[in-house]
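Input: a single structure, listed below in structure tokens.
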Amino acid sequence: MKFVFCEGKDDLAVIQGVAVSIGLNDLNIEFFSGKDNLTHFLKAARLRPEFSRNQVSAVGIVRDADEDGQAAFQSVRAAMLANGFNAPEKSGGVAAGEILTGVMIIGPNDGKGMIEDLCLKSVSNLPEFPCVEDYFRCVSQKRGRADFSAKAKVRAWLATQSDHDLRVGKAAEAGYWPWQSPAFEPLKVFLKKLANASEIKAV
């Protein structure tokens with residue numbers, strides 16, 4: 001069995017969409033309900049029958065970088081080591097062992113950001129996307145607010161695509177994100193490493 005553990009339901013939907021787009025249908029993707037719950041989640045996972053029976057060949061952790069990708073990576077790495085898992089030396093890498101383990105930090109904005117930023121990057125080349133940026137620039141000028149979250153920008157872009165109120169995960173399930181975009185390539189490479197656990201040494 002091969003597992004991918006991620007932060008929340010939206011992350012799960014995006015990762016599932018990416019995996020299916022490249023024919024990886026044997027990855028078990030679950031969410032651990034927020035970065036602060038990872039250590040507890042991994043401790044509980046270790047007690048599952050499939051782990052005690054040595055039926056697990058790969059475990060990957062996917063987490064948002066937020067404001068500091070390196071800090072996010074070190075936090076995930078510490079949680080893995082504290083629960084008896086090997087851990088790689090860098091984001092996107094894997095560590096060999098009885099169970100192949102990997103960590104992927106989602107930081108598409110120079111090591112910062114989150115899954116919403118990744119999805120926005122995947123549609124940034126579409127002709128209507130500059131209109132979204134223009135909208136937030138206009139609001140910023142009128143109201144003096146300097147910064148808007150990726151979540152807000154996702155909602156604005158999705159409003160141009162659908163009358164439904166969609167979160168990034170629901171948008172993934174509905175097929176709004178172009179999985180063929182180069183923005184998703186690092187995640188695809190990471191998932192392939194986990195899927196090919198039996199063939200891979202430490203990277």
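Residue by residue, here is whether (1) in contact (Cβ under 8 Å) with a residue 60 or more places away in the chain; (2) under 20 Å from residue 7 (Cα atoms); (3) hydroxyl-bearing (Ser, Thr, Tyr) holds:
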position: 113; (1), (2), (3): no, yes, no
position: 135; (1), (2), (3): no, no, yes
position: 155; (1), (2), (3): no, yes, no
position: 162; (1), (2), (3): no, no, yes
position: 166; (1), (2), (3): no, yes, no
position: 169; (1), (2), (3): yes, yes, no
Selected residue [within 18 Å of residue 8 (Cα to Cα) and either surrounded by 15 or more Cβ atoms within 10 Å (Cβ to Cβ) or hydrophobic (A, V, I, L, M, F, W, C) (or both)] from 105, 99:
105
Report whether or not residue 180 is surrounded by 13 or more Cβ atoms within 10 Å (Cβ to Cβ) and either touching a helix residue (DSSP H, G or I) at 6+ places or on another chain (Cβ under 9 Å) or of a type in the set (Gly, Ala, Ser) (or both).
no
Could you tell me whether the stretch 15-27 includes any residue that is hydrophobic (A, V, I, L, M, F, W, C), more than 17 Å from the chain's Cα centre (by Cα) and under 19 Å from residue 195 (Cβ atoms)?
no
Listed residues 126, 120, 166; which is under 14 Å from the mean Cα position of the chain (by Cα) and not acidic (Asp, Glu)?
120
Taking the stretch 52-72 as the search range and keeping residues that are surrounded by fewer than 15 Cβ atoms within 10 Å (Cβ to Cβ) and small (Gly, Ala, Ser), which one is nearest to residue 199 (Cα to Cα)?
52
Go over the candidates 154, 132, 123, 168 one by one and state the one that is in contact with a Pro (Cβ under 8 Å, 6 or more places away or on another chain), within 22 Å of residue 184 (Cα to Cα) and aliphatic (A, V, I, L, M).
123
Determine which single condition residue 62 fails, assuming it passes every other condition in (1) over 15 Å from residue 30 (Cβ atoms); (2) touching an Asp or Glu at 6+ places or on another chain (Cβ under 8 Å); (3) not basic (Lys, Arg).
(1)
Across (1) surrounded by 15 or more Cβ atoms within 10 Å (Cβ to Cβ); (2) β-branched (Val, Ile, Thr); (3) over 19 Å from residue 109 (Cα atoms), residue 154 clears everything bar (3)
If only one of 126, 100, 81 is aliphatic (A, V, I, L, M) and not assigned by TED's automatic domain parsing to the domain that holds residue 44, which one is it?
126
Residues within the stretch 52-72 that are in contact (Cβ under 8 Å) with a residue 24 or more places away in the chain and either over 15 Å from the mean Cα position of the chain (by Cα) or within 25 Å of residue 147 (Cα to Cα) (or both), tallied:
14
Filter result (surrounded by fewer than 21 Cβ atoms within 10 Å (Cβ to Cβ), assigned to a helix (DSSP H, G or I) and touching a residue at least 24 places away in the same chain (Cβ under 8 Å)) within the stretch 21-41:
21, 35, 39, 41
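The values are calculated or read from the model by the stated rules, or taken from the named source; none is laboratory data. Values in this document were obtained by computation on a predicted structure and should not be read as measured data. Note that each Cβ is placed from the backbone with ideal geometry, even for glycine, and that neighbours are counted across all protein chains shown.
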